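The block underneath contains the structure these notes are about, expressed in structure tokens.
The values are calculated or read from the model by the stated rules, or taken from the named source; none is laboratory data. The structure presented is a predicted model; accordingly, all values stated were derived computationally and were not measured. Positions of Cβ are generated from backbone atoms using ideal geometry, with glycine treated the same way; all protein chains shown enter the neighbour counts.
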Amino acid sequence: MSDLKENIIDNILESFLKLGYADTSIDLYYPVSSLLILLNCDKENLDKAINDFRHEVVNSLGYINIKELSYEKGRYKIEIPVSGVEWVNKNYKPTSFLESFINEIQKPDQTIDKILDVFYSFSKDIIINELKSDMLAISFKDKKIDKYIYLIEQNEFGLQYHRFSEKEYLRICT
């Protein structure tokens with residue numbers, strides 16, 4: 001499975017946990033730098049890689065549309081049709097970790113310590129990098145539990161998080 005297809009599936013599953021399953025299309029947004037990583041291509045071959053990807057996933061995610069936003073250059077919108085969202089719902093389920101993580105982080109007045117407890121409940125072998133006094137990057141050594149790196153930030157709105165593949169994280173944070 002391509003990295004982009006896997007990432008799209010994971011993002012759809014994450015949305016199911018946050019909002020519940022709905023018989024509707026889903027739009028996802030990616031910076032060009034992420035698309036280049038997930039499609040394993042360079043900028044000169046991006047249009048071809050996008051076209052090849054669209055053909056590759058037509059029998060699973062359906063007739064997806066991928067286009068650069070006219071009002072925000074360098075950012076792409078991927079439109080997943082209802083049939084693709086339904087296919088993900090029938091064929092995939094969120095991991096136990098992601099389910100626990102989303103349930104915990106959505107609680108009001110959440111703390112980083114409680115989020116760390118969720119990670120530790122799945123493994124004592126986690127990697128924690130303090131990027132700033134109010135921002136941690138957390139991941140599992142055992143990528144079978146969860147392969148993503150979670151940037152968790154404490155701000156005036158509470159805890160916010162972003163999930164990154166290791167390649168995306170290295171591009172952004174190093």
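With the structure loaded, tell me whether ASN59 is within 23 Å of TYR92 (Cβ to Cβ) and touching a Leu at 6+ places or on another chain (Cβ under 6 Å) or whether it fails that test. Don't jump to the end; show me each part of the working.
Numbers: within 23 Å of TYR92 (Cβ to Cβ): yes; touching a Leu at 6+ places or on another chain (Cβ under 6 Å): no.
Criteria not met by ASN59.
Which numbered condition in (1) in the same structural domain as GLN154 (by TED's automatic domain parsing); (2) farther than 25 Å from LYS147 by Cβ; (3) modelled with pLDDT of 95 or more is the only one that ASN51 fails?
If we test ASN51 against (1) in the same structural domain as GLN154 (by TED's automatic domain parsing); (2) farther than 25 Å from LYS147 by Cβ; (3) modelled with pLDDT of 95 or more, just (1) comes out false.
Quick one: what pairs do we get from region 14-28, first residue within 15 Å of PHE101 (Cα to Cα), second modelled with pLDDT of 95 or more and part of a strand (DSSP E or B), C-beta under 7 Å, 6+ apart or different chains?
These pairs meet every condition: SER15/ILE26.
Output the residues belonging to region 65-79 that are farther than 25 Å from LYS143 by Cβ and either surrounded by 17 or more Cβ atoms within 10 Å (Cβ to Cβ) or among the acidic types (Asp, Glu) (or both). I'd like the intermediate steps shown before the answer.
As a first pass, look at region 65-79 and keep what is farther than 25 Å from LYS143 by Cβ: 65-77, 79.
Residues satisfying the conditions are ILE66, GLU68, GLU72, TYR76, GLU79.
Would it be correct to say that SER33 is more than 30 Å from PHE122 (Cα to Cα), in a helix (DSSP H, G or I) and either within 18 Å of the chain's Cα centre (by Cα) or at pLDDT below 95 (or both)? Show your work before the answer.
Values: more than 30 Å from PHE122 (Cα to Cα): yes; in a helix (DSSP H, G or I): yes; either within 18 Å of the chain's Cα centre (by Cα) or at pLDDT below 95 (or both): yes.
Taking the combined requirement at face value, the residue satisfies it.
Quick one: which of SER100, SER123, SER133, SER139 is loosely packed, with under 13 Cβ neighbours inside 10 Å and either over 29 Å from MET1 (Cβ atoms) or outside the structural domain of LYS43 (by TED's automatic domain parsing) (or both)? Don't jump to the end; show me each part of the working.
On the way: SER100 fails: loosely packed, with under 13 Cβ neighbours inside 10 Å; SER123 fails: loosely packed, with under 13 Cβ neighbours inside 10 Å; SER139 fails: loosely packed, with under 13 Cβ neighbours inside 10 Å.
None of the others qualify; the one that does is SER133.
Exactly one of these conditions fails for LYS77: (1) in a helix (DSSP H, G or I); (2) touching a Leu at 6+ places or on another chain (Cβ under 9 Å); (3) under 22 Å from LEU4 (Cβ atoms). Give me its number.
Here LYS77 meets the rest and fails (1).
Show me the strands (runs of 3 or more DSSP E) found entirely inside region 85-166 where at least 1 residues are closer than 29 Å to TYR21 by Cβ and within 17 Å of the chain's Cα centre (by Cα). Reasoning before the result, please.
Details: elements: 126-132, 135-140, 149-155, 158-164.
Ranges flagged: 135-140, 149-155, 158-164.
Could you check how many residues of region 44-74 are in a strand (DSSP E or B) and aliphatic (A, V, I, L, M)?
Matching residues across region 44-74 total 1.
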